[in-house]
Amino acid sequence: MGEDNGGRLGLGVDCGGTYTDAVVYDMDSGEVLASAKFPTSHHDLTRCIDGVLGELPGYLLRLSCLACLSTTLATNAIVEGKGGKACLILLGYEAAATVSPFGARVIRLRGAHDVRGEETEPLDEEGLRAAARGNGEWADAFAVSGYFSVRNPAHEMRARDIISRETGKPIVCGHELSMQLDAPRRATTAAVNARLIPLITALISSTLSILYKRGIRCPLMVVRGDGTLMGAEMALERPVETILSGPAASVVGALTLSGRREGVVIDIGGTTTDIAWVSGGLPPINGEGAVVGGLATRVEAIDIRTIGLGGDSWIRLSRDGSLELGPRRVLPIAMLPGGEGVLEDLGRIAASRSRWPLPDMLTFWIGAGDGDISACDAAGADLSRLLEERPLSHLELKSSAVGAEESLRLLSMEHAGAVLRSSLTPTDVFNAAGESLVGSAGLSRAAVEAASGLTGVPPPELIAKVKRAALEAIAGEILVFLLELDGRDRTLLERWMGGGETRGVKLDLRLEAPILAAGAPAALFLAPVASFLSCECVVPPHMEVANAVGAVAGVVSHREEVIMRRQTDETWRAFASDGICDFPDLASATSWAEEKACGLAEEAARLAGAGEIERDEHADDFTVYDSAGNATVLERKLTVRAYGRPRVSPVP
């Protein structure tokens, strides 16, 4: 490929659960010019970013006028309970109000408004100053949440000014992250955001250094959980909005690569499968807020269903030939180093007459390479170094004099990330069937033969059982998700899919919309699923890096809402994100709201990095009718969306 190109080039990077993907993308022609994958190391994402960029042509990187990043950082931090030190200031919350502070230090102060936006208790400014001074040295960031701040943010804004002046530390207000009611969830969101600030600051700082080192001089954007983009500066202030960044990027990427505007987007990676329904060309948004790791937030993120099934899912076999697929990820046997030695081990495993559980029999251990062994004792560190040299099968481990002791130690080392477990996976099964080539197909075939020897199930039948289990798991989750089935309905569906007794009733379910595939192993998994559901399966080119394409193909967008409510004296009050205003009638309130919402939306989109901005708007009325059928509007919600492609730097 020559160095001459006429389009504007963008760099897209996605830090996924198994691999970090990157593409150089022609933003004018929609062509992927180069792509690469690099194993993800969760404790050091910047190493993955640097590694994957090293696989791309340097001259294309230097011609990029935009860089976009989607990251698992926020999602993983929430699931693992990690983050910096944060102080959460609650204003006007009663003592009984339940808030999940996500490890933040909580301080409750006076200062309240009611649902109409009227002040019912003045802000305790002296208490606020004392709290700021008392926590300013300790805290990395602050969060402030007023109980009815979405009806009047005056106290939050005043508190922000005081804390900023007293401490100079980053601070976020609840109303800046969500204008929805549900004060406890809004406070939780603010606390999570504050704890994530140090983590995202470190990631963005390191990423900018990597880009600079590689001669990439362009703006850096970050993918939000709704699939839109924001500038790195805004991401530093609102890292919580990157929750589900990766799945959102995959939906945008699948739509971009397929050219479709409607369908079921299914992204299959090494660890998980994400399912989303798309209509009208826009990612679906969960209006209730994202729930991650059991923590409910008010972050508007993609409406997606995730299951623990991917190319590297652990296939746990039983002696009777039954199996369990996922949700845990392991290293495929095909990826083990030391080919001849592993082949010999697999032969011994197949011939073994041990009655150990089959998942153990088919397990190998290997050093994590970049894993953290600091928490290991001396014996554990020695074992980790041994596993760096060659994989160790569970059979060999158990046969050694110190096997029992070492096997217990390995479990704790695995939990610490110092060693990896390897076993039979769908990747191995597809390799053995001759349908893919990932790593060593010979090792995969030997692994399937070993599993066959242990279970008595012939290899072709074993391969078919794994494929059927994957088909039923994915097809079932698609139907449960799209049909919104409850537990009882799901049981009936599973019985029908499994060919169980249905008393003469035959169900004929089919999808009218296509399946849009994303992710490296997606085509292998989804072709039989589409056949089972009698629908089209669209497998676009470069679908293995759809997440990275989605990162760079997204738009900057901001939605602003103004709510107008009829008051008891027949006047109207408008509630905007920067305050309230009263009007004599709905017409004047609407005129003001349109100007206010448009101005705030455009300003926010511009601050987020948008270039040329477009707008769309709509109004929803809550109307009641009297006995004569006469209509009265009690509330009007005006929503304005300002959006546009990101600003780019001049081509070098």
Query raised in the report: Taking Cα atoms, how many degrees apart are the long axis of helix 154-167 and the longest axis of the chain, rounded to 10 and kept between 0 and 90?
Result: 70 degrees
Query - Peptide ranges 605-617, 17-29 listed from the most packed, as the mean C-beta count within 10 angstrom indicates - result: 17-29, 605-617
Query raised in the report: Quick one, what does Rg over Rh come out to for the range 555-644 if you take C-alpha atoms and the Kirkwood Rh?
Result: 1.08
Query raised in the report: Mind listing the phi-derived Karplus ³J(HN,Hα) values for the range 224-230, rounded to whole Hz, using 6.51, -1.76 and 1.60 with θ = phi - 60°, and x for any glycine or proline?
Result: 7, x, 9, x, 8, 10, 9
Report summary line: For the range 129-263, using Cα atoms only, the Rg and Dmax in Å read 17.5, 57
Requested in this report: Please report the Cα spread of the range 446-485 along all three principal axes, rounded to whole Å, starting with the longest.
Outcome: 41, 14, 13
Query raised in the report: For the pair residue 555 and residue 582, how long in nm is the line joining their label points, each one 7 Å along Cα→Cβ?
Result: 3.9 nm
Query raised in the report: How would you order 125-134, 164-173, 547-556 from highest to lowest mean count of nearby Cβ atoms within 10 Å?
Result: 547-556, 164-173, 125-134
Report summary line: So the FRET efficiency between residue 165 and residue 96, C-beta based with R0 = 25 Å and rounded to 0.05, is 0.20
Report summary line: The convex hull of the Cα atoms of the range 506-548, divided by residue count, gives a volume in Å³ per residue of 62 Å³
Requested in this report: Provide the per-residue ³J(HN,Hα) series for the range 561-570, in order, calculated from phi with Karplus coefficients 6.51, -1.76, 1.60 and θ = phi - 60°, each as a whole number of Hz, with x at glycine and proline positions.
Outcome: 10, 10, 9, 10, 10, 5, 8, 5, 8, 6
Query raised in the report: Just from its helices, what would the mean residue ellipticity at 222 nm be for the chain, if runs of 4 or more DSSP H residues each count -39500 (n - 2.57) and the sum is divided by every residue, rounded to the nearest 500 deg cm²/dmol?
Result: -12000 deg cm²/dmol
Query - Efficiency of FRET from Cβ geometry, residue 435 and residue 491, R₀ 41 Å, rounded to 0.05 - result: 0.80
**Report entry** Rg/Rg_ref, the range 207-260, where Rg_ref = 2.2 N^0.38 Å and atoms are Cα
**Finding:** 1.29
Query raised in the report: For the chain, what number results from the quotient of the Cα radius of gyration and 2.2 N^0.38 Å?
Result: 1.06
Query raised in the report: Once phi is turned into ³J(HN,Hα) by the Karplus curve 6.51 cos²θ - 1.76 cosθ + 1.60 with θ = phi - 60°, what whole-Hz value does each residue of the range 574-588 show in order, with x for glycine and proline?
Result: 9, 10, 10, 5, 10, x, 10, 8, 9, 9, x, 8, 5, 4, 5
Query raised in the report: Which whole number of Å³ per residue matches the convex hull of the alpha-carbon atoms in the range 82-199?
Result: 84 Å³
Report task. For the range 180-232, just the Cα atoms, rotate onto the principal axes and tell me the three extents in Å, largest first. Result -> 46, 22, 10
Report task. Please report how far the C-alpha centroid of the range 577-652 lies from that of the range 299-369, rounded to the nearest whole angstrom. Result -> 52 Å
Report task. Averaging over all projection directions, find the projected area of the Cα convex hull of the range 244-327 and quote it in nm² with one decimal place. Result -> 6.7 nm²
Requested in this report: In whole Å, largest first, what are the principal axis extents of the Cα atoms in the range 493-627?
Outcome: 65, 50, 19
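Values quoted throughout were computed directly from the atomic coordinates according to the rules given, and no laboratory measurement underlies them. None of the values given here were measured: they were computed from a predicted structure. Note that each Cβ is placed from the backbone with ideal geometry, even for glycine, and that neighbours are counted across all protein chains shown.
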